[in-house]
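Worksheet for the structure shown next.
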Amino acid sequence: MSTPIDDDLWSAIGDPTRRTLIDLLLTSGPGTATSLSADLPLTRQAVSKHLAVLDRVGLVHAEPAGRERHYRVDEAQLARAAAQLASVGTAWDARLRRIKHIAEAIERRRATG
């Protein structure tokens, strides 16, 4: 049974900057737009916009702390994304095996024909 694909989730993950933000949060722990922008060639405002997209699809959650918001990765949602990716990978592996079998059958016919 295949896992349903969440296009909004994958649209958010599809951006390299957002993947970098997820990596930073996973390796360094919770961070603010200000702290994360220190590690990127982006302004705090640009980082905030990317974090808002990730928050909207549930990949990160923000907790207010004074004037800032501390973002952390939602590991359950990240695991859901990984499951979707694995499902897509399995489906493509099956397709590629079928293509290989067809190509091999064509090649055998050419060799014997």
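The values are calculated or read from the model by the stated rules, or taken from the named source; none is laboratory data. If you're wondering where the values come from, they're calculated on a predicted model, not measured in any experiment. Cβ sites come from the backbone with ideal geometry, for glycine too, and all protein chains shown count toward neighbours. Quick note on the areas: whole protein, heavy atoms, side chains included, nothing else; ligands and nucleic acids left out. Shrake-Rupley method; radii C 1.70, N 1.55, O 1.52, S 1.80 Å.
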List the pairs whose first member sits in the range 15-29 and is over 14 Å from LEU42 (Cα atoms), whose second member is loosely packed, with under 12 Cβ neighbours inside 10 Å, and whose Cβ atoms are under 9 Å apart, counting only residues at least 6 apart or on separate chains? LEU26/GLU75
When ALA76 is run through (1) touching a helix residue (DSSP H, G or I) at 6+ places or on another chain (Cβ under 8 Å); (2) modelled with pLDDT of 90 or more, the failure sits at (1)
Can you tell me which of (1) within 24 Å of ALA83 (Cβ to Cβ); (2) modelled with pLDDT of 95 or more is the one GLY31 doesn't meet? (1)
Selection count, the range 57-113, where residues are within 14 Å of the chain's Cα centre (by Cα) and of a type in the set (Lys, Arg): 1
Which of the residues that make up the range 21-43 are buried (at least 16 other Cβ atoms within 10 Å of the Cβ) and either over 17 Å from GLU68 (Cα atoms) or touching a helix residue (DSSP H, G or I) at 6+ places or on another chain (Cβ under 7 Å) (or both)? LEU21, ILE22, LEU24, GLY31, ALA33, LEU36, SER37, LEU42
Of the residues in the range 57-73, those that are within 16 Å of THR17 (Cβ to Cβ) and either modelled with pLDDT under 95 or among the aliphatic types (A, V, I, L, M) (or both) come to VAL57, LEU59, VAL60, VAL73
Just checking, does the range 71-89 include any residue being among the small types (Gly, Ala, Ser), over 21 Å from ASP15 (Cα atoms) and open to solvent by 70 Å² or more (accessible area, probe 1.4 Å)? no
Quick check: anything in the range 61-70 without any contact (Cβ under 8 Å) to a residue 60 or more places away in the chain, surrounded by 12 or more Cβ atoms within 10 Å (Cβ to Cβ) and closer than 28 Å to VAL88 by Cα? yes
